[in-house]
1. Give the stretch 241-258 a look and list any residue that's under 18 Å from Phe288 (Cα atoms) and loosely packed, with under 15 Cβ neighbours inside 10 Å, or say none.
2. How many residues does the stretch 302-329 contain that are surrounded by fewer than 18 Cβ atoms within 10 Å (Cβ to Cβ), within 18 Å of Ser269 (Cα to Cα) and of a type outside the set (Ser, Thr, Tyr)?
3. With the requirement that a residue be surrounded by 15 or more Cβ atoms within 10 Å (Cβ to Cβ) and in a helix (DSSP H, G or I), what does the stretch 36-56 give you?
4. Any residue in the stretch 106-128 that is among the acidic types (Asp, Glu), surrounded by fewer than 17 Cβ atoms within 10 Å (Cβ to Cβ) and touching a residue at least 12 places away in the same chain (Cβ under 8 Å)?
5. Given the criteria under 21 Å from Ile217 (Cβ atoms), of a type in the set (D, E, K, R) and modelled with pLDDT of 95 or more, does Glu273 qualify?
6. State which residue pairs qualify: first residue closer than 13 Å to Leu188 by Cα and inside the stretch 207-221, second residue aliphatic (A, V, I, L, M) in any location, beta carbons under 6 Å apart, and separation of 6 or more residues or different chains.
7. Tell me yes or no: at least one residue of the stretch 162-171 is modelled with pLDDT of 95 or more, surrounded by 16 or more Cβ atoms within 10 Å (Cβ to Cβ) and either aliphatic (A, V, I, L, M) or in contact with a Pro (Cβ under 6 Å, 6 or more places away or on another chain) (or both).
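The values are calculated or read from the model by the stated rules, or taken from the named source; none is laboratory data. Note that this is a predicted model, so its numbers are computed, not measured. Ideal geometry is used to build each Cβ from the backbone, glycine not excepted, and the neighbour counts take in all protein chains shown.
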Amino acid sequence: MYPEERILIDKELTKRNLEYLKCDYLYLLSYNSVIEILDLPYWSDPKFQGLLTSSIWKSNTEEVQTILRLKEWDDSKFQGLLTSSIWNSNAEEVQAILRLKEWDDPKFSGLLTSNIWQSNAKEVQKILSLKEWDDPKFQDLLTSSIWNSNAEEVQTILSLEEWNDPKFQDLLTSNIWQSNAQEIQAILRLKEWNDSKFQGLLTSNIWKSNAQEVQKILSLKEWDNPKFQDLLTSSIWKSNTEEVQTILRLKEWDDSKFQGLLTSSIWKSNAKEVQTILRLKEWDDSKFQGLLTSSIWNSNAEEVQTILRLKEWDDPKFQGLLTSSIWTSNAKSVQQKLSLPYWNDKKYLKLLTPSIFTITQKRIIDAIEVAETFGIENWITITFLRKSKIQLLALIHYLQDNQIPLIINEKLHPFFSAAPSVLKAKYHIDLKTLVEQEKRREEKLCI
């Protein structure tokens with residue numbers, strides 16, 4: 001391309017506000033070719049506008065025009081194919097794919113995504129023509145990720161005799177296309193699957209791994225130890241052999257206080273994190289041992305250590321909070337809640353239950369402020385804290401407007417502890433409507 005042409009193209013794109021179409025391929029075309037493509041009348045049709053991206057310059061005017069004028073685009077089932085990845089193909093291939101008679105069969109409709117352009121018409125037809133698709137057990141495999149594979153691979157996979165064995169049928173999901181025929185066959189033929197203790201591992205998560213890793217994991221001698229068998233769930237495939245082996249061989253598992261941690265949620269973590277958590281000196285303190293449940297793996301070593309080292313645990317009033325509910329929070333949130341000034345007031349100490357970690361700090365503060373405004377702070381409960389400020393105000397104003405006391409028999413009115421569904425079913429009160437009324441009330445006050 002002459003420098004003059006490049007300047008003209010740049011000017012034209014700027015004039016049309018199409019600078020995003022600039023790329024190296026663009027400058028391999030002549031100025032006239034670029035203008036011909038930009039001037040095609042099809043761009044006024046909304047369904048084609050997602051095709052006007054820089055990858056269009058991989059094609060030429062004739063190819064682009066031939067593709068855009070195909071009558072098949074009037075059929076809604078093909079419109080998910082109208083993405084810029086179509087330019088990885090050519091007009092002849094696109095037309096051949098769209099005209100395959102198999103698209104009249106509804107079971108293939110999930111394959112009509114732009115991933116199809118990774119393939120070619122011959123491969124697509126071979127895949128769609130496989131007789132195995134008449135077998136219901138294979139139909140969950142009919143998703144667009146099939147185009148990561150080719151016809152020969154697909155046929156080899158579907159023809160494996162192992163699919164006649166019921167224990168393997170949970171593996172027949174579209175995740176299988178992350179693998180290849182050789183790997184799949186090697187995994188299915190492992191002799192370890194004859195051992196019932198491994199059969200919980202036979203889910204489609206296995207395709208995140210490979211045959212060599214799977215065999216190494218299954219061959220670990222630690223699986224003969226009953227204390228590790230709760231770890232044999234499909235989430236193990238998030239790890240690799242080295243991680244799994246390192247975790248299983250930690251000497252800490254000989255200590256009975258840690259054995260409640262041996263559940264499959266351990267695989268959310270890694271060996272270094274697990275080891276760091278188990279070696280924290282705080283576990284020698286009996287007050288922390290109620291935290292040793294598998295929900296600890298929702299956290300990480302740094303968070304766990306920070307939580308255990310909070311100075312607030314030296315205060316007896318907080319020690320009832322040391323249950324595994326704490327792992328629903330992070331260290332910052334735990335510390336902020338423990339630092340709230342309300343805990344210096346005896347009337348609020350009844351709120352210090354493990355459920356406090358499932359309620360946001362803002363809701364705690366808002367609820368107590370509302371309670372103090374209306375003089376009902378002596379009666380509030382954890383369930384009171386779970387409602388938002390506007391919900392509490394809506395209920396209070398409803399009770400007041402209807403001259404119903406907020407406190408009955410030294411307890412909050414049952415409205416405050418009832419879920420919205422209970423309020424509606426039992427009391428015929430729509431909390432959503434009350435909240436809308438409360439918003440309008442507040443707007444009037446602001447005027």
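1. Initially, the stretch 241-258 is screened for residues under 18 Å from Phe288 (Cα atoms), giving 252-253, 255-258.
Within the stretch 241-258, Asp255, Ser256, Lys257 meet the criteria.
2. 2
3. Scanning the stretch 36-56 gives Glu36, Ile37, Leu38, Tyr42, Phe48, Leu51, Ser54, Ser55, Ile56.
4. Scanning the stretch 106-128, I find no residue that is among the acidic types (Asp, Glu), surrounded by fewer than 17 Cβ atoms within 10 Å (Cβ to Cβ) and touching a residue at least 12 places away in the same chain (Cβ under 8 Å), so the answer is no.
5. yes
6. Listed pairs, sorted by first residue: Trp207/Ile176; Ala211/Ala186; Ala211/Ile187; Val214/Ile187; Gln215/Leu190.
7. Yes, the stretch 162-171 contains at least one residue that is modelled with pLDDT of 95 or more, surrounded by 16 or more Cβ atoms within 10 Å (Cβ to Cβ) and either aliphatic (A, V, I, L, M) or in contact with a Pro (Cβ under 6 Å, 6 or more places away or on another chain) (or both).
Matching residues to (1) of a type in the set (A, V, I, L, M, F, W, C); (2) under 17 Å from Ala121 (Cα atoms):
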| residue | (1), (2) |
| --- | --- |
| Glu36 | no, no |
| Trp43 | yes, no |
| Thr53 | no, no |
| Ser59 | no, no |
| Asp75 | no, no |
| Gln79 | no, no |
| Ile86 | yes, yes |
